[in-house]
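The values are calculated or read from the model by the stated rules, or taken from the named source; none is laboratory data. This structure is a prediction, so every number in the text was calculated from the model and none was measured. When we count neighbours, we look across all protein chains shown, and the Cβ atoms used for this are built from the backbone with ideal geometry, even at glycine.
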Amino acid sequence: MRWGRLFDDLEAQVTAAQVVAFESGVNELVRAEQGAIPLANRLRAQSGHVEFVLRGGIRFRGRIVELADEWCVVEEVHRSVLIPMRGVAAVRGVGRESVGEASLVRRSLSIRSALRALARDRSCVACHLDTFSGEPLAERGLIDLVGRDYFELVTLGENGSRRGRRSSTLVPLDSLVAVVSQL
């Protein structure tokens, strides 16, 4: 009789150890899977308003209307904001869900692609730039051309006139924090 209880006890201990090992393995797999989710997939699942805190303390709050792995477009009340992901310091108001992008093309659009679209539109934009010294810089103008690692911003003449262009500024992509255009 005592042998039966001993074997039952040993069997219960082995079963409990197997359950603990299994649960530990499952938890580790879940953590590994969560660790592979990119920021863009978390943002893609958001349907409401989120707040982006960018380098230099710049903030934008709105709804995400376009999204690629490298950038997103946030729509505020009267303006649209192109935000490179590398300039994001934090995102607030985000749920736990994530959604992958099925289209490889949409997922892989570069920030240069988005800037070229703004250049084609010839819209006046405000570019927020990281000076890497704390105080952000804002430059206004038209995106004229987009190079491999920079873009050219042409400043407008008096009263915002497109005639009499005065100068241009070359902006390295690494310093770009956000591009704002009016809706």
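A few points about this structure:
- The residues on offer are R107, R42, and the sole one that is over 23 Å from F132 (Cα atoms) and touching a helix residue (DSSP H, G or I) at 6+ places or on another chain (Cβ under 9 Å) is R107.
- Some residue of segment 36-53 being surrounded by 17 or more Cβ atoms within 10 Å (Cβ to Cβ) and more than 15 Å from the chain's Cα centre (by Cα): no
- Top-ranked residue in segment 123-160 [being of a type in the set (S, T, N, Q) and either more than 19 Å from L183 (Cα to Cα) or in a strand (DSSP E or B) (or both); ranked as modelled with the lowest pLDDT]: N159
- Yes/no for G87 being under 15 Å from the mean Cα position of the chain (by Cα) and not aliphatic (A, V, I, L, M): yes
- Scanning segment 118-144 for residues that are among the aliphatic types (A, V, I, L, M) and either exposed (fewer than 14 other Cβ atoms within 10 Å of the Cβ) or not assigned by TED's automatic domain parsing to the domain that holds I83 (or both) gives a single hit, A138.
- Selection status of S181, polar (S, T, N, Q) and not in a strand (DSSP E or B): no
- Note on segment 161-183: among residues that are of a type outside the set (D, E, K, R) and at pLDDT below 80, the one that is farthest from A119 (Cα to Cα) is G164.
- Pairs are defined by a Cβ separation below 7 Å, a sequence spacing of at least 6 or placement on different chains, a first member in segment 93-117 that is over 19 Å from S47 (Cβ atoms) and in the same structural domain as L145 (by TED's automatic domain parsing), and a second member that is among the β-branched types (V, I, T) and not in a loop (DSSP other than H, G, I, E, B); the pairs so defined are R112/V146; L115/I143; L115/V146; R116/V146.
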